Number of protein chains: 2
Amino acid sequence: MPLSLRKLLIPLLCTLLLPLSLLAQSQPPAHPLEALKTQEYWTVYDVLRDSGKMETDTVTHSVLLHEPDKNKVLAWKPGDAVFREAEVILLRKGITIEALVDIANRKLESWRERKDVQAPVTRDEFRELEEVMKKDPRVIEALKKRGITDLAPVDCFADPFSYFALPELDGHRIMMGGCSYRHGVYVGWSRDIEGLQVKVDAAEKKVLQVIDESITPVSQAPVNYQDLETTPRPGTTPISVSQPLGPSFQVKGTEVAWQNWRFRFRLDPRLGAIINLAGIQDGDRFRSVLYEGSMSELYVPYMDPALGWANRVFIDAGEFYATGQILKPLRAEVDCPSNAVYFDSLAWADHGFPAIHSQVACLFESYSGDPAWRHFEDQQLSGSGARVLVLRTAAVVGNYDYVLDWRFERDGNLRVTVGATGIVETKAVKAKDAADSPGHSTAGAPDEFGHFVDKNTVGVNHDHFFSFRLDVDVDGVNNSFMAMRLVKLKLGNPMRKSIWVVEPSIAKNEKDAMMDIHLDRPSMWHFINPNVKGPLGYPTGYELMPGTTAASLLDPDDGPQKVGAFSTHQLWVTPNKQDERFASGVYPTQSKGDDGLAVWTKSNRPIENTDIVAWYTLGFHHVTRAEDWPVMPVMWHDFVLRPFDFFPRNPVLALPPAP
Amino acid sequence: MPLSLRKLLIPLLCTLLLPLSLLAQSQPPAHPLEALKTQEYWTVYDVLRDSGKMETDTVTHSVLLHEPDKNKVLAWKPGDAVFREAEVILLRKGITIEALVDIANRKLESWRERKDVQAPVTRDEFRELEEVMKKDPRVIEALKKRGITDLAPVDCFADPFSYFALPELDGHRIMMGGCSYRHGVYVGWSRDIEGLQVKVDAAEKKVLQVIDESITPVSQAPVNYQDLETTPRPGTTPISVSQPLGPSFQVKGTEVAWQNWRFRFRLDPRLGAIINLAGIQDGDRFRSVLYEGSMSELYVPYMDPALGWANRVFIDAGEFYATGQILKPLRAEVDCPSNAVYFDSLAWADHGFPAIHSQVACLFESYSGDPAWRHFEDQQLSGSGARVLVLRTAAVVGNYDYVLDWRFERDGNLRVTVGATGIVETKAVKAKDAADSPGHSTAGAPDEFGHFVDKNTVGVNHDHFFSFRLDVDVDGVNNSFMAMRLVKLKLGNPMRKSIWVVEPSIAKNEKDAMMDIHLDRPSMWHFINPNVKGPLGYPTGYELMPGTTAASLLDPDDGPQKVGAFSTHQLWVTPNKQDERFASGVYPTQSKGDDGLAVWTKSNRPIENTDIVAWYTLGFHHVTRAEDWPVMPVMWHDFVLRPFDFFPRNPVLALPPAP
């Protein structure tokens, strides 16, 4: 095909991609790990409707693919039947119900009432509770005391508790929140009415208590981020990335081939992008690296004991995914470059009906101008440019936006990147700024628990912790975790008194593999296959290299920390169990911390030479600054899985210089 | 100008850039901080020649710009006289001489013999010592014992000691090394003849001792990185970055303007790129951030007590810059993208004559497809793409290549990035691989002090530590260092038992500012101007945010560690002193550790509200792997200086969506 014709055809093909991808959603699944399809959502709906168990007030809160048994997936071949199940969470009169539906056989497999857990909140609940709150005479009175009589610009919201915060939660579905007054702005963030809190029974749909503690004027900080005075940067010339012959990757359904990488992905309403069966095509051999990788949970505790703030602890995925799936759309040319291809996803909406979400993932090759390797020797320069394949999504939970990347590199590295942006949560205070305040951050100061980001507006201190679940399968299912500790060795050498040596140790049980980062006691974290030797006699392996991260400073026996307990260690390793997928448990709402990583690992199960899962905690403490307001610049964090004695030598060495 | 004409003109302009930049080197300096010019090198040469102090055997080892007094530079205006001095290091009969030359007045200001220090090694010394070694009958005999009688493919080398390793060094210029046999390869790395060490007197040019300990066959590992069997990646389509209207930055001499950033840079033979007078153009006001920033030193200790390895400790800049300046050329399209502009530099060569080094720095705008900020709200998506200005150089010290970036970001961040690539140092061992070995990394195993990277070839464990010197001048010269410690606070709140709060403290003296990273005792490192308040009443500031880094594990009283003592802490803060520029001292060769950061700070000088300098240690431990062989993929590390209450709000918010 002549080049000129190709150039014409490729944009045309790209235009066709969207309808094709939509079409694909309503076809039957081609692989057991594909996301639920349109017809499957309807089958689940039909099976439940016909089960005779649904009452008129039974509400569907969640419909997720019940991930099939790993052994069955690994044994599956194209042409085999595709076994499919959906796990459904329903709520009736405050009682959570779990149902499991066999889709292929159109059969309700189980139906179980759970009085010990709370289903995740839905958008409908939010809406209903807002209505109840705004009609409550005590709320109306409290607003009136603040001079607010026009209720139209008032938004009220009740948030679930992400932990068992109060004894009265027992056996009840309780939420607590307040109202905001967004007169004069197009976005409600930062307009909270401080000092007024409303406790509601979400099952009974009634206000339990209105606490009106003190009056603080609503913040007037200019939050309208698109309306701000612009500061043009004259002379900015355009910069563009182009691939005139199209991308180098091939996508077949949700199976991706790029360079020597092969992987599948699906877009899950709770966890976002889930990578499956990722590995390296090594000649005619496929070598597995990661059976599954995904974000597992997010834990965001705020650090202010005030009314309406002490309870601000969010387990973002598990608590909120049912208000509309966790992934939100990407904007072309802002979130992804012009050479990106986009993907839609399906999630359930009202009644469990399927709903399409457009453009929630993008896939692109990135070249930032960096070398992959280089060497200068005898006046000669060798090297090649670095090209990366990026699978990008954005999780948006209220005010915060998280850009989540899986970056496949040509040297075998798999980098996971988290970019935090969006709007920080602020609190209105009476003091204008830090000059008014008796002393920066001191006890009793208006910024004791945060930092002014604008007049009368304090960004409240908080943490972000992400748990990434990585079912590593290096060259096969059975792997071991090996900590390579760097230990000082005293020498009697006339020239040297000390060096460090490596002390490798294979973790036998889960407690051996709870790893914390200490600069004075460094260690490397290797996932090896003790049954497969590389060419130099070492087991083949992948190393998990942490980036900048943080550990939780909260008391281990503090309610929030029990649910976000994964933040205690930077790495955990568990035996793979099908029902251990969520680091803070299936139901973090009102949780006593009786499910999740810290609980499973208490029995200290064996993890040597078996099917293991790594859990990496990526975290950061956030003290806000003026520059984070009204929308913060992206703050990036990452970690890497990199081959360690997996390839016989540097795999990018033999590539041509051009990226 | 019509677009079509512009397109024609711009490549033409780019072609013209190189000669223009060459021309600039021979013009008089336009600013006191410019690198030494061609005519200035000749003036230094003439002044020394005419001084009557140069004997025929006085050798010029180093000619560097003597950086002018900061106050004078800050007071300087275009049109003022440009005061210029050069500091020269000479060597005669093993005695180091320091000379200071006033260039403008063509005057020798000082001439001082230093018997207590060692000048850095030169290429000529290497060459002469190689000749001496290869002629030594004991060396010839030792090679013969190994079956090597053809001396043509034998390279011998003697390395200086980076520390006071042996009592006999006192008053002598001693080096120690060995030989390699590069028959069959085009690159000599990995061909060392183990077990044979030669000690030489570099002043006397004679062999002092030949130690022939044991015979190990020379490694036959395929090091010829360009000859390796290629693994084509079929279907790789081209990817390109383009700026059809040219770059957005302006370069006038070595003064750069880009967006709201302004800075100068020079390419120094010892330190590489030095950033000066970096700051933000804020309307009609220039606001300083960094008076000067540069890499200050590199410390690379190896971790093997064997003969020929115990002494492998490199203070890469201070020891080796005189063998040819530290920066080496960049390869277009490999090291920098196609939209990059390149810069040459001048350094002294034989006799102190100037020599041009082509294409040792590049400047380009990078867009990798990432957002600068984004937010999704009410089904609306806002944000903009991220564009970065990169000033890139590559320091090459023997086997290792370090890609060094200063990355100016539009949100006010200044990111320093180090990419380590090149060839790892290996040791030949008798055992073939790890299967032969009694136990991986155990005492007595062939890989006790390293890791096999190829057959009979062990990559030896080592560290890389970089000290970056950052003369922060946030909104003026006088700054303070404020540690913001995050400290747990126990609560009596019914909902929460604990939070963390910020405890800021201003460092009064140097010891208050020696910072170590502990995840359980986190702190933020702020450089503030206590005399300038931002709009919210806080002092304006910049925060230094570390990336992944490491601390040295060696004994503080170990010889190498005394010289590389900057690696003990991740951050140091000192009062700015003109003669404190090199973290391991001016003369690390054979140093007893009596100069450098750890020594200067012993007196615990005051650092509050004065002209301060931050020293950041970026480090990593390196256990090699098969994938690092024969040239390792780039391993990136970074840290960031980011505005903290410097701008009134997010400075990238008002930018158009296009990057």
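The values are calculated or read from the model by the stated rules, or taken from the named source; none is laboratory data. Everything quoted here is computed from the prediction, not taken from an experiment. We place every Cβ from the backbone using ideal geometry, glycine too, and count neighbours over all the protein chains shown. Surface accessibility is based on the protein's heavy atoms, side chains included, excluding ligands, DNA and RNA. Shrake-Rupley method; radii C 1.70, N 1.55, O 1.52, S 1.80 Å.
Kindly rank A:315-328, A:643-656 from highest to lowest mean number of other beta carbons found within 10 Å of each residue.
Highest to lowest by the protection proxy: A:315-328, A:643-656.
Cross-link partners for A:Lys107 among the lysines, with Cα-Cα distance under 27 Å and sequence neighbours closer than 8 places in the same chain left out: A:Lys37, A:Lys53, A:Lys70, A:Lys72, A:Lys77, A:Lys93, A:Lys115, A:Lys577. Shown for segment A:439-453: residues covered by the partner protein chains by 20 Å² or more of accessible area relative to the chain by itself (probe radius 1.4 Å), namely A:His440, A:Ser441, A:Glu448, A:Phe449, A:His451, A:Phe452. Across every pair of non-identical alpha carbons in segment A:490-580, the mean reciprocal distance, once inverted, gives a Kirkwood radius of 16.5 Å. Peptide B:398-404 has a mean shielding of 2, counted as Cβ atoms of other protein chains within 10 Å of each residue's Cβ. In nanometres and ascending order, the distances from the A:Lys77 label point to those of the other copies are 8.6 (point 7 Å from Cα along Cα→Cβ).
Quick check: with the 1.4 Å probe, what order do B:Lys72, A:Lys135 take by accessible area, largest first?
A:Lys135, B:Lys72
Hey, what's segment B:136-216 come to in accessible area per residue, 1.4 Å probe, Å²?
With all protein chains present, segment B:136-216 gives 41 Å² per residue.
Our coupling estimate for segment B:102-119, obtained by passing each phi through the Karplus curve with A = 6.51, B = -1.76, C = 1.60 and θ = phi - 60°, is 7, 6, 4, 9, 6, 9, 7, 7, 8, 8, 9, 7, 10, 7, 9, 10, 10, 4 Hz, Gly and Pro reported as x.
Shown here: the protein assembly as shown, whose C-alpha atoms stretch 103, 67, 67 Å along the first, second and third principal axes, sorted largest to smallest. Taking the chain by itself as reference, segment B:197-230 contains these residues with an accessible-area loss of 30 Å² or more in the full protein complex (1.4 Å probe, heavy atoms): B:Tyr225, B:Gln226, B:Leu228.
Between 0 and 90 degrees, the angle of helix B:3-25 with respect to the longest Cα principal axis of chain B falls at about 50 degrees. The residues of segment B:538-558 occluded by other protein chains by 40 Å² or more of accessible area, set against the chain on its own, are B:Tyr538, B:Thr548, B:Leu553, B:Asp555, B:Asp558; surface from heavy atoms, 1.4 Å probe.
For chain A, give the magnitude of the charge dipole about the Cα centre (Cβ charges: +1 Lys/Arg, -1 Asp/Glu; no others), in debye to the nearest 20.
In debye, rounded to 20, chain A gives about 1220.
In Å² (nearest 100), what accessible area is buried between A and B, both sides summed, heavy protein atoms only, 1.4 Å probe? Summing both sides, the interface buries roughly 14100 Å².
Calculated mean residue ellipticity at 222 nm for the protein assembly as shown: -3500 deg cm²/dmol, from DSSP H runs with n ≥ 4 weighted as -39500 (n - 2.57), summed, divided by the residue count and rounded to 500.
Solvent-accessible area of B:Cys336, all protein chains in place: 0 Å² (probe radius 1.4 Å, heavy atoms, ligands and nucleic acids excluded). What part of the accessible area of segment A:426-567, given as a whole %, is carbon or sulfur when the probe is 1.4 angstrom? Using a 1.4 Å probe with all protein chains present, segment A:426-567 comes out at 54 percent carbon and sulfur.
In segment B:157-235, taking the dipole from charged Cβ atoms about the Cα centre, the farthest positive-side position among B:Pro222, B:Cys179, B:Ala203 is held by B:Pro222.
Looking at segment B:542-590, the accessible area is 25 square angstrom per residue; that uses a 1.4 Å probe and ignores ligands, DNA and RNA.
Give a quick list of chymotrypsin sites (Phe, Trp or Tyr not before Pro) in segment B:135-197 that DSSP marks as loop, anything other than H, G, I, E or B, with at most 15 other Cβ atoms within 10 Å.
The qualifying sites are B:Tyr186.
Counting only other chain Cβ atoms within 10 Å of each residue's Cβ, the peptide B:502-515 averages 1. Heavy-atom surface analysis with a 1.4 Å probe gives segment A:34-117 a carbon and sulfur content of 47 percent of its accessible area. Put a plus charge on the Cβ of each Lys and Arg, a minus charge on the Cβ of each Asp and Glu, and nothing anywhere else: the dipole of segment B:45-127 about its Cα centre is then about 40 debye. Rolling a 1.4 Å probe over the protein heavy atoms of segment A:143-261, with every protein chain left in place, gives an accessible area that is 52 percent carbon and sulfur. Of all beta-carbon atoms in chain A, the one sitting closest to the axis that brings chain A onto chain B gives A:Ser368, 2, with the distance in whole angstrom.
In the context of the full set of protein chains, segment B:401-526 has a per residue accessible area of 29 Å² (1.4 Å probe). Solvent-accessible area of B:Asp436, all protein chains in place: 90 Å² (probe radius 1.4 Å, heavy atoms, ligands and nucleic acids excluded).
Note on A:Lys135: lysines with a C-alpha under 19 Å away, same-chain residues under 8 apart excluded, are A:Lys144, A:Lys145, A:Lys199, A:Lys205, A:Lys206.
Once you treat every alpha carbon in chain A as an equal point and sum by Debye, what is log10 I(q)/I(0) at q = 0.09, 0.10, 0.11 Å⁻¹? Debye intensities relative to I(0), on a log10 scale: -0.84, -1.03, -1.24.
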